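Notes follow once the structure below has been shown.
Nothing in this text is a laboratory measurement; each read-out follows from the coordinates by a stated rule. These numbers were taken from a predicted model, which means no experiment stands behind them. So basically every Cβ, Gly included, is an ideal-geometry build from the backbone, and we count neighbours across all protein chains shown.
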Protein chains: 2
Amino acid sequence: MVATIKDVAKRAGLSQATVSRALNKSGYVSQETLARVEQAAAELGYQPNWMARGLHGKSSNLIGLLVPEVMSLYDNSVIQYMTEKLHAHNYGLMLCIHNERADLDLKYLQLLHEKRVAGIIYTHPLNGDNSELVHQLAEHLPIIELNRRREAGLLDAVLADNIQGARQITRYLLGLGHRRIALIMGEDELTTGQNRLHGYQLALTEAGLPADRRLIRIGSFSRQHGEAAMHDLLDEDVAPTAILAGSNRILMGVLKTLTARNIHIPVDLSVAAFNDTEWLQIWNPPITTVDIAVEEMAHWAVDLLLKRISVPDVKPTPREYLLGTSLIIRESCRAV
Amino acid sequence: MVATIKDVAKRAGLSQATVSRALNKSGYVSQETLARVEQAAAELGYQPNWMARGLHGKSSNLIGLLVPEVMSLYDNSVIQYMTEKLHAHNYGLMLCIHNERADLDLKYLQLLHEKRVAGIIYTHPLNGDNSELVHQLAEHLPIIELNRRREAGLLDAVLADNIQGARQITRYLLGLGHRRIALIMGEDELTTGQNRLHGYQLALTEAGLPADRRLIRIGSFSRQHGEAAMHDLLDEDVAPTAILAGSNRILMGVLKTLTARNIHIPVDLSVAAFNDTEWLQIWNPPITTVDIAVEEMAHWAVDLLLKRISVPDVKPTPREYLLGTSLIIRESCRAV
DNA sequence: TTGAAAGCGATACCAG
DNA sequence: CTGGTATCGCTTTCAA
């Protein structure tokens, strides 16, 4: 059996209460007692049982992170940073991956509830939503929307400024002289897709260019869509001179098609993307992209969440952090 | 406040004990009572507080997954599959990422202990080890080594058969007529590196080829090493005709160098790798690689762990699952 | 078949 | 400064 506070108390010749106070540095304990307790605890390899702790109506010291998948540098950084930061505050991270499926999402929300997580950092699944349960949960614990906005009136959120990002990279392409810039985008049911589309259109409008509907291909954030849309675009009467791939997956499809059709970047076609991933740097040529400040994102999400946890407020005014994007210029776009 | 079993009992006009039995389907409960309890629970949106549950000396219903990072298709699949399978058994997954740092690893092991996880699925950090704590923990809970073997006499393990994998792909290259096959490998302190090296040498020996030391570049599993080693190899008097990149990161370095030096795959040089990732398929040309059965791996790890948890045995005979690898032939290697 | 009551491990209040 | 004790939510005997 694992050592309990009783064992420590016995070994130190003190009461549980004193041991508890000593270990938590709450209340008054003499130097000598503290030393005795610490030694006893060390000898027994004592680690407080956190379930018993949490039972006292206090927080579970667990945070739920519910995300679509964990495949990119982005995901890795988010998780990595969050685990570190949370651990520093003695929280654990319970990870759930819903894979864009609403049914799994629902299950995981329930699981997180049962586990009495102190809060949830949440990226909605693309399709379907469990807003009923989300609303219900939100009454008991803070939920922070990460990257995808859906409950603007109710929940806090930490978001990437996708409008700016899209505008920024579109402007860059316009600046290079491109006039026929195609956008291949995923689902527009959530803010990510909507905003990137919006930013793109904004930049075009600002440049006094008409929005050509045939240059905009909205489908899913998948390789398949990227591949097919790219083929389509190349088959148009007037092919675009630059492609904006709405995500890494879409980009993969785009690249696949270009390779298949023996089209060279950037001489034949300029290509730019959203989000940065390791392989974008080593691609030949390296791909220009607009990236979000992942670490900051994780930082604010955790920060905000811990704040909400420490100062419980039944009906707080939702806060929203919008994180800047940065254009990473590499070699996949040329001037025309 | 969230509903407790008391509230349910009150609402159903029964005692806590009865409600508990009804909800857990343990002991005798009449049909009618069961229905009343279930209705009351549903009305209140009751979810058992699992900390209180775990307090009874029972399992915490939490599993710790301690891994180096989460960046590849491999990691994603492992986590994805594990969360699903664990959730089916009503377990949660607590994820920790040590990032190959022994100090973080230590912290996370302690955290997992404190959280009283029911078991740990563990991939050691490359450098340094915390075997003392691991040994200590192993006395209280099952730990399964995933992918990297270190405590063969003590812990269970689920491993990829890297010897076979390396042998397989080396043979493939030999079959294509290659005689100067270079291996760029990462740290050989853990089994992954050791076994891949071993399998490579095995295949060469079987083919009656001498091991040329200058063709073997052992360093770290990093892009930098891949990049530098590739440069080195090309500067040798007799350059290799095929390259075996010991990991995805190493492969990235290799590809970077080849691009920089304008060397074309596979006409100038054949390239093969270990582990599959999405971008390998869309590379031009698509990269041949030897892959492991990730889903099976996750399956066995969870299976074994749950078995160990349900049948606690202070000193079980360690079991080891060795998972087969499969050669994925694409277009990056040519016959000479 | 049901209810009362004793813990599980830690915290926190109240006396001393 | 320290020790007893009620308490958290639930499971689990033991009686009824």
Task: Spin-label zone in the stretch A:157-199 - amide nitrogen under 17 Å from a point set 7 Å from the Cα of A:A335 along the C-beta vector - done: A:171-179
- [ ] Can you give me the three principal axis dimensions of the stretch A:5-48 from its C-alpha atoms, in Å, biggest first?
- [x] 23, 18, 14
TODO: List, in order, the whole-Hz ³J(HN,Hα) value for each residue of the stretch A:201-213 obtained from phi through the Karplus relation with A = 6.51, B = -1.76, C = 1.60 and θ = phi - 60°; use x for Gly and Pro.
DONE: 5, 4, 4, 5, 4, 4, 8, x, 9, x, 7, 8, 4
Open item on the list: Please give the Cα centre distance for the stretch B:204-219 versus the stretch A:17-61, rounded to the nearest Å.
Closed with: 57 Å
TODO: Return the distance in nm (one decimal) between the two label points of a simple spin-label model at B:A152 and A:A52, each offset 7 Å from Cα along Cα→Cβ.
DONE: 4.0 nm
Open item on the list: For the protein assembly as shown, take the convex hull of the Cα atoms, compute a quarter of its surface area, and give me that in nm², please.
Closed with: 34.3 nm²
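For a quick check: sort B:S131, B:S60 by the number of other beta carbons within 10 angstrom, fewest at the front.
Arranged by neighbour count, lowest to highest, B:S131, B:S60 become B:S131, B:S60.
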Open item on the list: So if I restrict to the alpha-carbon atoms in chain B, what is the Rg, and what is Dmax, the biggest pairwise distance, in Å?
Closed with: 25.4, 88
TODO: Kindly provide the helix-only [θ] at 222 nm of the protein assembly as shown, computed as the sum of -39,500 (n - 2.57) over DSSP H runs of four or more divided by all residues, to the nearest 500 deg cm²/dmol?
DONE: -14000 deg cm²/dmol
Task: Label distances, nm, B:Q224 versus same residue in remaining copies, Cβ-directed 7 Å point - done: 4.2
- [ ] Please arrange A:I184, A:I216, B:I143 by counting, for each residue, the other beta carbons lying within 10 Å of its beta carbon, fewest first.
- [x] A:I216, B:I143, A:I184
- [ ] Output the antiparallel fraction of DSSP beta bridges having both residues in the protein assembly as shown, as a percent to the nearest 5.
- [x] 10 percent
- [ ] Largest first and in whole Å, give the semi-axes of the stretch A:1-130's equivalent ellipsoid, each being the square root of 5 times a Cα gyration tensor eigenvalue.
- [x] 39, 15, 11
Open item on the list: Tell me the relative contact order for the stretch A:5-48 as a rounded percent, counting alpha carbon contacts under 8 Å between residues six or more apart.
Closed with: 39 percent
Task: Principal axes of the stretch B:243-336: Cα extent on each, largest first, Å - done: 59, 22, 21
Open item on the list: Can you pull out the GluC sites (Glu not before Pro) in the stretch B:252-336 whose DSSP state is coil and whose Cβ has at most 16 other Cβ atoms within 10 Å?
Closed with: B:E331
Open item on the list: Starting from 0.36 nm per residue, how many nanometres of slack lie between B:A35 and B:V267 once their C-alpha separation is accounted for?
Closed with: 76.3 nm
Open item on the list: Tell me which trypsin sites (Lys or Arg not before Pro) from the stretch A:23-54 have a DSSP coil assignment and no more than 12 other beta carbons within 10 Å of their own.
Closed with: A:K25
Open item on the list: Using a 7 Å offset from the Cα along the Cα-to-Cβ direction at both B:T205 and A:K307, what is the distance between the two label points in nm, to one decimal?
Closed with: 6.3 nm
TODO: Tabulate in residue order the Karplus-calculated ³J(HN,Hα) for the stretch B:77-82, using 6.51 cos²θ - 1.76 cosθ + 1.60 with θ = phi - 60°, rounded to whole Hz; enter x for Gly and Pro.
DONE: 4, 4, 5, 4, 5, 5
Task: DSSP bridge pairs, chain B: antiparallel proportion in percent, nearest 5 - done: 10 percent
Task: For A:C333, residues with placed amide H under 5 Å, excluding near neighbours - done: A:V271, A:T288
TODO: For the stretch A:104-176, build the convex hull from the C-alpha positions and give me its volume per residue in Å³.
DONE: 101 Å³
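List A:K307, B:K107 from most exposed to least, where exposure is judged by having the fewest other Cβ atoms within 10 Å.
Fewest to most other Cβ atoms nearby, the residues stand as A:K307, B:K107.
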